[in-house]
Amino acid sequence: MSRQMERRRESVRESDVGARIGYLLVGAGIGAVIALLFAPKSGHELRGDIADATRKGIDRTREAATQISERATDYYEGARDRASEIYSAGRDKAGEVALAARDAAKQRGGSLSAAIEAGKQAYREEKRRTEVTGLAGSTPTYYEEKKS
């Protein structure tokens, strides 16, 4: 359970990092645009500066996206490898447990079969005894009465 919580916390941290980078880029872009708007430049120079700032922002965003994509790929491959290891270990352990259960069932099944056979044999003997004595209609007594 704690591993799942750790993974969730790490994914939250990673998403926080991505969100923070996004907020930083958006804030930087807004700040650059506001700074350019209040700068004492001509309209032509201002539009050129805005275009340059936009290009730089787009380039930085692409770089950040590439880095995030590479990190996500690394995390995915690591998680896939770990899941494969866990699956293989679990499958091996399940096989061991199944063999142990089968052996235990055979041992208990043998004694259970013997008990069932003994019960059947006792029934047959009692039935034969009552038929021989002519007491087929009466109930057999399995205890001895105490004489006073």
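Quick notes on this structure:
- The sole residue among 64, 39 that is in contact with a Leu (Cβ under 8 Å, 6 or more places away or on another chain), within 26 Å of residue 8 (Cβ to Cβ) and not charged (D, E, K, R) is 64.
- Flag for residue 136 being part of a helix (DSSP H, G or I), of a type in the set (A, V, I, L, M, F, W, C) and either more than 30 Å from residue 10 (Cβ to Cβ) or modelled with pLDDT of 75 or more (or both): no
- Scanning the stretch 26-53 for residues that are within 27 Å of residue 64 (Cα to Cα) and among the acidic types (Asp, Glu) returns 49, 52.
- Selection status of residue 18, at pLDDT below 85 and under 35 Å from the mean Cα position of the chain (by Cα): yes
- Condition met for residue 12 (β-branched (Val, Ile, Thr), modelled with pLDDT under 75, within 44 Å of the chain's Cα centre (by Cα) and in a helix (DSSP H, G or I)): yes
- In the stretch 21-72, of all residues being of a type in the set (D, E, K, R) and at pLDDT below 85, the one that is surrounded by the most Cβ atoms within 10 Å (Cβ to Cβ) corresponds to 49.
The values are calculated or read from the model by the stated rules, or taken from the named source; none is laboratory data. Just so it is clear, the model here is predicted, and its values are computed rather than measured. Counting neighbours? That spans all protein chains shown, and the Cβs are built from the backbone with ideal geometry, glycine included.
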